[in-house]
Structures are given as C-alpha cells and as structure tokens.
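Engineer: Below is a structure I'd like to ask you about.
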Amino acid sequence: MRELTKATVAVVLAMLCAFPAPAAPGALKAAKPIKRTRRAPARYHGGVPTFADSSGADITAFDDPIVRQAAVEGLGRYNGAVVAVDPNTGRILTIVNQKIAFGDGYIPCSTIKPTIALAALQENVINRDTMLKVGRRKYMNLTEAMAHSNNQFFEQLGLRMGFDTVSKYARLLGLGELAGYNLPEEHPGAFPMQPPVHGGVARMSSFGEGIQMTPLQLVSLAAAFANGGTLYYLQYPRSVDEQQAFAPRIKRELHIEQDLPELREGMLAAVLYGTGKSSFDRGGDETPLGKTGTCDDHITPSRIGWFVTYADEVHPKIALAVLLRGNTRRVKGPTAATVAGNIYRRLREQNYFATVTAANTLPGEKSGH
C-alpha cells in the first residue's frame, strides 16, 4: 500500500511539471512581447517642401546689402519669404523670395489678431482691462490673449463687432489692396465680401479664414503700428535714378495713436514670454514686438507659419514679415519668430541699428511714437 501511495505521488508531480498551473489574470497579457513602432513625424500636403532655395532667383542689385544678407542667412534653408522695410518711410530694404512675396497671398492665420484687436479698441468693444472668458474657469485680457494667441478671445471680438465692422477696419489697414507703389509684379491678395462659410466672422477674426494676405501687406501694417499710424505706400527703388529720387508716399493716416499702446503691449508680451519669444535677441539693445501665426492654407495647400515684427519699441528702425511654407510641424509661427530673431542678431552683429540711429537723427525726422 505504501508503495502504491508513493507511485501515485510521483504521477501527480509529473503531471504538474508537464502542465504548469494557470497564470494569474493579466499575467499572459503582461508577458506578451511589446512591438515598438517609430512614429513618423506628421506631414501636411506633401507637394510643398519645408526646405528650398528661397533666394536664388531674386534680383537684388539695389537691396540694402546688410539687411539682405541678414535676411537670407536668417531664413536659411526654409521654404519661405522675408520682407524688410523702413517703417518711417515705407522703403523696402530687401525681399527674399520675390516670387512668393509678390504672389497672391496666403491665409494670415493668427497675424490677423492685431487688426481685430485694434478694431475692437477703436470701437470701444474692449479696453486694456477687459477680461473675457476663454475657458471654463479662465479669463484673459488683451495683453495675455495676444501673448498666447488665444483663439477664443478673438472669436468673441469678431462676433461682438460683426462682419461689416471687422471688414471696415481690415480694409482701412490695407487688406485686399496693393501695398506697394508702382510694383507691377504685386498682387492685392483677397478679402471676402461676406463671412466665410467655415466658421464665419469668428474664425475670420482668429485665423483669418477667407482672407489672403501677402507679406507686403503684413509688413506695411507692422510699419504703421511702429511709426504711430501712418500707412505708407511701400516703394522698392530698383534703379539708381529711383534711389536718388526716393521720397516717402503716404497712403493714409490711420488715426490710431490712442489705441496703439494697448496693441503694442500685447505684441511686446508675445516676444517677452509668449508665442514669439524666440525672436528676442538677448545680446542686443533693441526690443522687438511681434505676432505669430500658424495654420493650414487650403487655398494654396500647405502648412503656414508667419511672424510679423518691428524693432525697436521706442525708435523703430525696421519692420519684418516672415512667411514659412511646408509639409511638417516645423512650419509654424514660433519657427518664423526664430528666423526673425536670427535676422535681428545678424543686424546687430553688423552694427546696423547703431548706423540707422545715427542716420535718423536728422532734423524733422518723424518719431515712431
């Protein structure tokens, strides 16, 4: 009997070794090999590259050589354009990628927001202290909304003003019309006659939906913000005679002086701690102001990144519009701000700002403020 019991135990042990006990719940799932995959970067509209030769086809004999070099080096390999102007005269200093700059224009993305802000200030829809609800428990004033490019804030402004009022100020500031004087290559962009189907006036006020803006129009607007409210015709002297005969030409006085401090405060905040902070040149004495823009352009399919800026805050010496196009997430407003920062740094290294300051101390020179 004892021998039989030993034999039974031996059989049971053998069966246990041959058939292991079931795993605890979830153990088999945890032990399953994990297949790791590398996520490819998001891409947009593959026909437009992020990198290209953006300056090779330009005619540059009469550009400011220092500004031209800084703009080309600042843009680097990106597929885009840079337009630089003197905000006190409207003179174009350089255009990198003249084909894009003179073209039909692109959706302005969030660079439309300074226009909407100015309209709301002029119409007394808001003041610098007005707080609007932008989230469940979140409120912002104009400065913070500009700094962080808050869409809900500007959508509310657009809805409060309505399409007709937004259109009135956009056209007053030069949208939908030629920015230049005697520039046969320039196109006027486009401004809608009615609210866009997608998002209406709200999305038009936060992203520029339905609008096509050119770099020339955007830099013209920045120059007016910089110089105190004079919208100059942009002129691009391209001969010795045109250079010698150059004189500023005023398109119109905007009469926006009383509202510019609030607008400038928001654009300064964008550079100091907001979406445009990569434009700040920590080694220089110039304080730039600016506004970023990022979105998809479905009319000319590509990813779009904008940055509009001028420097410095007190005595503006240059205004810039930077446009990037491409098919990756690298194409965005903060990247365009980095391009502007590179340009500012190169100009400072060439002592450009000190030279311009000396030239602008002539009697009768108009102040930027």
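The values are calculated or read from the model by the stated rules, or taken from the named source; none is laboratory data. Owing to the predicted nature of the structure, the values given are computational and were not obtained by experimental measurement. Here the Cβ is made from the backbone with ideal geometry for all residues, glycine too, and neighbour counts use every protein chain on show. All accessible areas refer to the heavy atoms of the entire protein, side chains included, with ligands and DNA or RNA removed. Shrake-Rupley method; radii C 1.70, N 1.55, O 1.52, S 1.80 Å.
Engineer: Can you pull out the residues in segment 155-207 that are part of a helix (DSSP H, G or I), surrounded by fewer than 19 Cβ atoms within 10 Å (Cβ to Cβ) and of a type in the set (Asp, Glu)?
Structural biologist: Passing the criteria: only 164.
Engineer: Among all residue pairs at least 6 apart or on different chains, which show Cβ distances below 6 Å where the first residue, located in segment 178-199, is touching a residue at least 60 places away in the same chain (Cβ under 8 Å) and the second is open to solvent by 70 Å² or more (accessible area, probe 1.4 Å) and of a type in the set (Lys, Arg)?
Structural biologist: 181/249
Engineer: Inside segment 111-131, can you point out the residues that are over 21 Å from residue 220 (Cβ atoms), at pLDDT 95 or above and of a type in the set (D, E, K, R)?
Structural biologist: Once the filter is applied, which keeps residues that are over 21 Å from residue 220 (Cβ atoms), at pLDDT 95 or above and of a type in the set (D, E, K, R), segment 111-131 yields only 123.
Engineer: Right, residue 130: within 24 Å of residue 255 (Cα to Cα) and open to solvent by less than 20 Å² (accessible area, probe 1.4 Å) or not?
Structural biologist: no
Engineer: When you look at residue 231, is it open to solvent by less than 10 Å² (accessible area, probe 1.4 Å), modelled with pLDDT of 95 or more and touching a Phe, Trp or Tyr at 6+ places or on another chain (Cβ under 9 Å), yes or no?
Structural biologist: In short, no.
Engineer: Which residues, counting only those in segment 223-243, are in a helix (DSSP H, G or I) and under 22 Å from the mean Cα position of the chain (by Cα)?
Structural biologist: 223, 224, 225, 226, 227
Engineer: Hey, can you tell me all the residues within segment 142-176 that are within 20 Å of residue 300 (Cβ to Cβ) and free of Cβ contacts under 8 Å to residues at least 40 places away in the same chain?
Structural biologist: Once the filter is applied, which keeps residues that are within 20 Å of residue 300 (Cβ to Cβ) and free of Cβ contacts under 8 Å to residues at least 40 places away in the same chain, segment 142-176 yields only 176.
Engineer: Output the residues belonging to segment 127-158 that are of a type in the set (Lys, Arg) and touching an Asp or Glu at 6+ places or on another chain (Cβ under 6 Å).
Structural biologist: 128
Engineer: Take the conditions buried (at least 24 other Cβ atoms within 10 Å of the Cβ), in contact (Cβ under 8 Å) with a residue 60 or more places away in the chain and not aliphatic (A, V, I, L, M) and apply them to residue 239. Does it pass?
Structural biologist: no
Engineer: Filter segment 246-302 down to the residues that are at pLDDT below 95 and either part of a helix (DSSP H, G or I) or closer than 16 Å to residue 118 by Cα (or both) and list them by number.
Structural biologist: None - no residue of segment 246-302 is at pLDDT below 95 and either part of a helix (DSSP H, G or I) or closer than 16 Å to residue 118 by Cα (or both), so the list stays empty.
Engineer: Out of all the residues in segment 93-111, which are in a strand (DSSP E or B), under 16 Å from residue 187 (Cα atoms) and open to solvent by less than 20 Å² (accessible area, probe 1.4 Å)?
Structural biologist: Answer for segment 93-111, where residues must be in a strand (DSSP E or B), under 16 Å from residue 187 (Cα atoms) and open to solvent by less than 20 Å² (accessible area, probe 1.4 Å): just 95.
Engineer: One residue is enough: does segment 97-113 have a residue meeting the conditions touching a Ser or Thr at 6+ places or on another chain (Cβ under 7 Å) and either without any contact (Cβ under 8 Å) to a residue 40 or more places away in the chain or among the polar types (S, T, N, Q) (or both)?
Structural biologist: yes
Engineer: Tell me whether segment 301-315 contains one or more residues that are surrounded by fewer than 17 Cβ atoms within 10 Å (Cβ to Cβ) and in contact (Cβ under 8 Å) with a residue 60 or more places away in the chain.
Structural biologist: Yes: one or more hits.
Engineer: For the condition open to solvent by less than 10 Å² (accessible area, probe 1.4 Å) and either farther than 28 Å from residue 203 by Cβ or in a loop (DSSP other than H, G, I, E, B) (or both), what is the one hit in 87, 114?
Structural biologist: Criteria check complete, one pass: 87.
Engineer: Now for a separate question. Restricting the search to segment 328-369, which residues are part of a loop (DSSP other than H, G, I, E, B), modelled with pLDDT under 95 and open to solvent by less than 80 Å² (accessible area, probe 1.4 Å)?
Structural biologist: 360, 365, 367, 368
Engineer: Being closer than 20 Å to residue 200 by Cβ, surrounded by fewer than 24 Cβ atoms within 10 Å (Cβ to Cβ) and modelled with pLDDT of 95 or more, is that true of even one residue in segment 138-145?
Structural biologist: No, segment 138-145 contains no residue that is closer than 20 Å to residue 200 by Cβ, surrounded by fewer than 24 Cβ atoms within 10 Å (Cβ to Cβ) and modelled with pLDDT of 95 or more.
Engineer: Oh, and also: Can you pull out every residue in segment 117-142 that is small (Gly, Ala, Ser) and either in a loop (DSSP other than H, G, I, E, B) or in contact with a helix residue (DSSP H, G or I) (Cβ under 6 Å, 6 or more places away or on another chain) (or both)?
Structural biologist: Those that are small (Gly, Ala, Ser) and either in a loop (DSSP other than H, G, I, E, B) or in contact with a helix residue (DSSP H, G or I) (Cβ under 6 Å, 6 or more places away or on another chain) (or both): 117, 119, 120.
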